[in-house]
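No lab work stands behind these numbers, since they all come straight from the coordinates. Model, not experiment: these values are computed from the prediction. Positions of Cβ are generated from backbone atoms using ideal geometry, with glycine treated the same way; all protein chains shown enter the neighbour counts.
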Amino acid sequence: MKTEKALSIDPRLKDAYEVASASLCNQKRYDEAVELLTKAIAVLPNEKSLFGERAFAYWNNAVVYGKEYLYAKALSDLNRVIEFDPQSAGAYYWRGRCKYIVYGAGSDENDLKRAEELGYNYRGWI
């Protein structure tokens, strides 16, 4: 894989991790995507996008394979994204969705409201 070669030369190539993890997710190989992104986060712990990508992989793994415990892991990564960027409307939206699943109805309201305030229009697809 070209990604492995690129990362062997420079393990700080954020884009290589993101492209490879997106490819793995497209193939429904979510566990491998999570593993790759966990390695990326160890090398680049201040890259918020890596936490967002890993949250996406956790979310999809939970949805596709019924691994409900992974929603809490996605929630943790989304908390990190919001720590890095409190204006990330998408992170608030997805964190709200995770909260709904993990904690139940009503726990998502503040995050969904904040996502909408920041310009995230989710009303059409839920």
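For the reader, a short list of remarks on this structure follows.
- Once the Cα atoms are used to define both axes, helix 89-103 deviates from the longest principal axis of the chain by about 70 degrees.
- Förster radius 22 Å - calculated FRET efficiency between Val19 and Glu109 (Cβ-Cβ, nearest 0.05): 0.05
- Length gained on full extension, Asn121 to Tyr65, computed as 0.36 nm times the residue gap minus the Cα-Cα distance: 17.4 nm.
- Electrostatic dipole magnitude of the chain [Cβ: Lys, Arg +1; Asp, Glu -1; Cα centre; debye, to 20]: 160 debye
- Extension gain, Gln27 back to Leu44 (0.36 nm per residue minus Cα-Cα distance, nm): 3.7 nm
- Folded to 0 to 90 degrees: helix 48-65 orientation relative to the chain principal axis, Cα: 70 degrees
- Whole-number percent relative contact order across the chain, with pairs defined as alpha carbons under 8 Å at least 6 apart: 16 percent
- Acute angle (nearest 10 degrees) that the helix 14-26 long axis makes with the longest principal axis of the chain, alpha-carbon atoms: 70 degrees
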